[in-house]
Amino acid sequence: MNVPNSYDIDGKVCVITGGAGVLGSAMAKAIGQQGATVVVLDLDDEKLAMTGDELDEMGVEYTTIQGSVLDRAELEAAAETVVDEYGRIDVLINGAGGNSPEATTDEETDFFGLNAEGVENVFNLNFLGTFLASQAFGEYMAQQGEGHILNVSSMNAFTPLTKIPAYSGAKAAVSNFTEWLAVDMAQNHSPDIRVNAIAPGFLLTEQNRYLLLDDDGELTDRGQQIIDHTPQDRFGDPEDLLSTVLWLIAPGSEFVTGAVIPIDGGFSAYSGV
Ligand code: NAD
């Protein structure tokens, strides 16, 4: 039996939005380490410079581009820059996203107190940012007749988490759009353009450590509830995502499109009893 080298992405050109963030930069390093060229697009100049330094140290071929996933003109200019420099775009990872306190209920602000602007910002960053980047970079894939778009959904796309209705709704929309775009690309552009998503579970990162662990390193109530609902009995870390990301953007998954893959230690499979 001839099993292809399923992880071979050597020489591919891979754009990552939000690529200077916690997960985006981990993906950039892993993908660069496999011999692909990485284009890191992010809003934050300082984080872009830090990610660039790390990629430099690793000897990865890369470019950084400052820009917003909410600005179609900036995204189109970025896509043109990538094609001018490298001749093609093989992979787009839509990593820009996240929640905000302005769209989160707490002791002071209940559901009725949430304002439209906060909800709109979170919804737009996660959903519209994925949509617009897929248009700008995906159009080149349609011209090439091949490519891969990988979206970043979340656990709360399957069942919403408490407190964060806009983020939950936006990630549900990202999962739904992943399926929609997979069909549209395959039927109307090329069967060799695939669209998938990962749905990370609860990862312990510097940004949410204070929510999940107290000062003594013990689980907070919310942290304990998460662990109680995670059959594998631990938080994930960014490295847990990487082999699935590499598999999804590599030729070895060539018959996989429209899939939203949970990477969650079993959280989404567990009803709680
Ligand atoms: P992060 O905040 O570290 O990274 C997000 C990056 O996006 C940042 O570098 C930020 O500067 C950038 N960004 C923000 N607005 C932008 C814009 N308009 N245009 C371009 N870039 C912009 O967050 P993260 O934890 O690395 O999350 C990455 C993705 O993974 C997000 O979509 C998030 O919702 C999702 N996710 C994260 C977790 C987790 O536990 N960390 C779990 C599930 C899903």
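Before moving on, here are some points about what is shown:
- In straight-distance terms, cross-link reach from LYS171 covers every one of the lysines whose alpha-carbon lies under 21 Å from its own, apart from those fewer than eight places away in the same chain; here that gives LYS163.
- Taking the number of Cβ atoms within 10 Å of each Cβ as an exposure proxy, the fewest-first ranking of THR63, THR178, THR159, THR105 is THR159, THR105, THR63, THR178.
- Placing a label point 7 Å from the Cα of PHE112 along the Cα-to-Cβ direction, the residues of region 151-191 whose backbone N falls under 20 Å of that point are 163-166.
- Tail fraction, Cα-Cα pairs, the chain, threshold 36 Å, whole percent: 13 percent
- Helix-only CD estimate at 222 nm, as mean residue ellipticity for the chain, using -39500 (n - 2.57) per DSSP H run (n ≥ 4): -13000 deg cm²/dmol
- Here's the list of lysines a cross-link from LYS47 could span, going by alpha-carbon distance under 18 Å and ignoring same-chain residues fewer than 8 apart: LYS29.
- Applying the Karplus relation 6.51 cos²θ - 1.76 cosθ + 1.60 with θ = phi - 60° to region 32-42 yields 3J(HN,Hα) values of x, 4, 7, x, 8, 8, 10, 10, 9, 10, 7 Hz, where x marks Gly and Pro.
- For LEU203, the amide hydrogen comes within under 5 Å of the amide hydrogens of GLY236, counting only partners 5 or more places away or on other chains and with H modelled in the peptide plane.
- Amide hydrogen proximity for LEU92: with H placed 1.01 Å from N in the peptide plane, the residues at 5 or more positions away or on another chain lying under 5 Å are VAL15, HIS148, ILE149, LEU150.
- Global geometry of region 127-219, whether rounded, prolate or oblate, following the gyration tensor of its Cα atoms and the 1.5 cut on a/c: prolate
- Cα gyration tensor, region 47-183 - rounded (a/c under 1.5), prolate or oblate: prolate
- Residues ASP44, ASP264, ASP221 in ascending order of nearby Cβ atoms (within 10 Å, fewest first): ASP221, ASP44, ASP264.
- Its relative contact order, with pairs defined as Cα atoms under 8 Å and 6+ residues apart, puts region 90-168 at 49 percent.
- Test item: Cα-centred dipole of the chain, Lys/Arg +1 and Asp/Glu -1 on Cβ, debye: 960 debye
- Taking every alpha-carbon pair under 8 Å whose residues sit at least 6 apart, the chain reaches a relative contact order of 18 percent.
Coordinate-derived values only; no laboratory data. Keep in mind the model is a prediction, meaning the values are calculated, not measured. Backbone-built Cβ (ideal geometry, glycine too); neighbour counts: all protein chains shown.
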